[in-house]
Structures are given as C-alpha cells and as structure tokens.
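The values are calculated or read from the model by the stated rules, or taken from the named source; none is laboratory data. Computed from a predicted model, the values in this text were never measured in an experiment. As a convention, Cβ positions derive from the backbone with ideal geometry for all residues, glycine included, and neighbour counts pool all protein chains shown. Each accessible area value is taken on the protein alone, full model and side chains, heavy atoms only, with ligands, DNA and RNA left out. Shrake-Rupley method; radii C 1.70, N 1.55, O 1.52, S 1.80 Å.
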Amino acid sequence: MKKIGIMTMQRVVNYGSFLQAYALQKVIKKNLNKEVEFIDYKFGQNILPKKRNMLEKIVKNLRVIDYIKKKSLLNKFSNKYSEYINKYLGVNKQKNYSKDIETLIIGSDEVFNCIQPYPVGFSPSLFGDGYEEKNVISYAASFGYTDYKLLKKYNVDKKVKELLKAFKFISVRDQESQNTVKSLIGVSPEIHLDPVLIGDFSDELKDKQVTLSNYIIVYAYPGRLTNQEEQYIKRFAKKYNKTIISLGFYQRIADKNLIVDPFTVLAYFKKADFVITDTFHGSVFSIKTNTKFCTIIRPSNRNKLNFLLCKMKHQKQTVEKLIDIEERYLADINFNESNNIISEEQQRTLQYLRKSI
C-alpha cells in the first residue's frame, strides 16, 4: 500500500496543532483506506528577527513568579505533548524526512505563513520543495498574516510562486490565503474547513470524564490578554460565580491551569458554561462542541477569525470591546446552521481528498 505523507505543525506544542493533524490523519485512514505518516519540514531562512529577548519577556510578565510558572507549565506540557504525538500520530524524537510516499499533503494550520522568525522562517519544504516528483497537494493551508505584499517585500514571492505551481491541487482555509495564491499563480484554490471541524472524535471522547462544573474557559496564548482584559474577565467570572480554567497555557487569572490530553480538552470545552478566546482553534473547539463562546478580535487575528466566524454563521460572537463579553454570555447561540455547514463540508472534504490523492 502506498503511503500518504502529511506535513504540518504536528510538533508544535499546541492542542489545536495536534487535533487538526490527528483529525486529517483519521479522515484519510478511515475513508480512503490509506497508510499515513507524518513528514517533518526543514527549518528555513530567518527572515524576521525574534520579537523579544528573554529580559523583555520577563518584564512583560511584570512579576518574575508569573514567568517561572509559565515556563514550568510549558515544560510540563512539552513533555506530555511528546507522549501524545508518539502515541496517536506515530511521531517520535527522530525527524522524518522520508520520500517513500505517494502523495504529500501540506496542511492544515499556518503552513504557508513563511514571513516569520526562526525556527520556522521561510521553509521551502512547506511548499513541497524536494518532493516535486511526488503528488503534492495542500489541505486547508493558511498563510496566516503573510500576504502577497509581504512575500514581495522580502523577495520570496518568485520562489513561492515557482513551488506552488508544482502542486497538483491546492486547498486553503481562508479568503486571504485564497487571494494570496491567486495573486501568485492566477489560480483561485478551493477553501475547506480546518480538520478539527470535519473530524469525528466520538470514539476518543467516550471515556473522557470532566468532574469540574460551573466554569468558563479562557483559551488564549500567554501574555496576549491585556491587563484590562484580565481584570474584566476576573470581575465577569466573579459576578456569575464561575471558576476560570486555562488549558495548556498559563493564565495568571485562571483558578486552574490544566494540562490534559488533547481529547479531554474537547470534553472540557463541551461541558464549559462559556469560552473566552482570541485564537483560531479556541473558536473552532467551541463551534465543534456547540459551546457558548466569544472571540476577542485583534489586528493580528482579524482576517482569519472574521472569515471563520462568518463562514460558520457565528459572526455575532466577535468581541471588539470588553462589554461585548458579557453580552455574548447572556445571549443564546443557535448551532444548527453551523452544524449543517460542517456536515456539508465533510462531504466536500472527502470529494477533494478522493480526487487529489
């Protein structure tokens, strides 16, 4: 049996990265009866410098104790994450650059976001470099904040164009990525949902128990919530007598900072009374589990999150000002429409994979 290779962000210590990789692997195995393995990409050129040095990071945390707690939780999560990807994805410490595959699928996640600092940087591997003789396709790939203007500014547009032209099929997950591909090669690729949304986790969730109740989830990258946002969320949680929990990331306002396996994360989302997030996958998890949520919109996430929420008919869940958080909590959400969209998109995904693989 010919193998299918998936090149994505499977080693990034992040629940979203894991679940999207696992979901795509499962869809291919179950529906296409193909053997799957994960392929590593090679770190690329350091186009941008790192944003902050160690001292600046500590200063941003204001208290050294917060920095220490954050690092301690991250180290614990990193160790557990290695176990998860080995057990469920077959990924171990040894990098896999095998070319003994029939098809290479690049995606999902921000695999095309190439204008970023080391260690990822501009990695031609993530555009199929070295696999030109294989059937190279993408699935729900995203350029993240990288766009055509940035590609030209840093003089990598010609190389990306050359590599993208070698793809047999291209699939992206958002409008901006579609526009960037069209600007580069004149082709408007299909748009598909993130694998977490089209995946089936029912078997994995059967034995997952969450004993905690009456809680809200704050799902945001460490250090991205402003002091004003933190204080508002603390007052909001106290007003409604809710415990604040954070999953995978250290939040100093959380009553509980938890490290659990990725499937239990979905169980926590499903049982939560409310989710406050500013991340793509925090929004995806909420929609997937039909959990009431709100998404804080920032300049750095506006494009991808607005597109996701509009696509899923949940644009009313955006938060532009803090008072919106309480308003979103008090309002009902109808998930029927987004559930129907997911069902339709599951079929579109299978059609795309069957024709491209």
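Of all residues in segment 197-241, those that are more than 25 Å from V12 (Cβ to Cβ), within 22 Å of the chain's Cα centre (by Cα) and either of a type outside the set (S, T, Y) or open to solvent by less than 30 Å² (accessible area, probe 1.4 Å) (or both) total 1. Restricting to segment 146-155, and then to whatever is surrounded by 17 or more Cβ atoms within 10 Å (Cβ to Cβ) and over 14 Å from I185 (Cα atoms), can you tell me which residue is farthest from the chain's Cα centre (by Cα)? Looking at residues that are surrounded by 17 or more Cβ atoms within 10 Å (Cβ to Cβ) and over 14 Å from I185 (Cα atoms), I get L150. Close contacts from segment 151-166, counting a first residue that is closer than 16 Å to Q116 by Cβ and a second that is of a type in the set (D, E), with Cβ to Cβ under 9 Å and a gap of 6+ residues or different chains, come to L151/D157; K159/D129. Within segment 312-357, the set of residues being assigned to a loop (DSSP other than H, G, I, E, B) and small (G, A, S) comprises just one member, A331. Can you say whether V160 is open to solvent by less than 10 Å² (accessible area, probe 1.4 Å), closer than 19 Å to E345 by Cβ and assigned to a helix (DSSP H, G or I), as far as the supplied structure shows? Against the criterion (open to solvent by less than 10 Å² (accessible area, probe 1.4 Å), closer than 19 Å to E345 by Cβ and assigned to a helix (DSSP H, G or I)), V160 does not qualify.
Could you check segment 280-329 and list, in sequence order, the residues that are among the small types (G, A, S) and at pLDDT 95 or above?
Correct list: G282, S283, S286.
Could you check K87 against (1) assigned to a loop (DSSP other than H, G, I, E, B); (2) open to solvent by 40 Å² or more (accessible area, probe 1.4 Å); (3) farther than 24 Å from Y221 by Cα and say which number it fails? Only one criterion is unmet by K87, namely (1). Against the test of being crowded, with 19+ Cβ neighbours inside 10 Å, more than 24 Å from K87 (Cβ to Cβ) and out of contact with any Lys or Arg (no Cβ under 9 Å at 6 or more places or on another chain), the options I287, I244 yield a single qualifying residue, I287.
Conditions (1) over 12 Å from Y41 (Cβ atoms); (2) open to solvent by 30 Å² or more (accessible area, probe 1.4 Å); (3) not charged (D, E, K, R), marked per residue:
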site	(1), (2), (3)
D100	yes, yes, no
T103	yes, no, yes
E110	yes, yes, no
Y118	yes, yes, yes
S123	no, no, yes
E132	yes, yes, no
Y139	yes, no, yes
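Name the residues in segment 290-328 that are of a type in the set (S, T, N, Q) and either open to solvent by 20 Å² or more (accessible area, probe 1.4 Å) or out of contact with any Leu (no Cβ under 9 Å at 6 or more places or on another chain) (or both), would you? Within segment 290-328, N290, T291, S300, N301, N303, N306, Q315, T318 qualify.
State the number of residues belonging to segment 205-230 that are assigned to a loop (DSSP other than H, G, I, E, B) and charged (D, E, K, R). Steps first, please.
From segment 205-230, those assigned to a loop (DSSP other than H, G, I, E, B) are 206-214, 220-226; that's our starting set.
Then keep just the ones that are charged (D, E, K, R); that gives 206-208, 224.
Total meeting the criteria: 4.
Does N336 meet the test of being open to solvent by 40 Å² or more (accessible area, probe 1.4 Å) and either farther than 25 Å from L205 by Cα or in contact with a strand residue (DSSP E or B) (Cβ under 8 Å, 6 or more places away or on another chain) (or both)? No, not satisfied. The set of residues in segment 304-351 that are more than 21 Å from the chain's Cα centre (by Cα) and either touching a residue at least 60 places away in the same chain (Cβ under 8 Å) or closer than 19 Å to S177 by Cα (or both) comprises L322, I325, E326, Y329.
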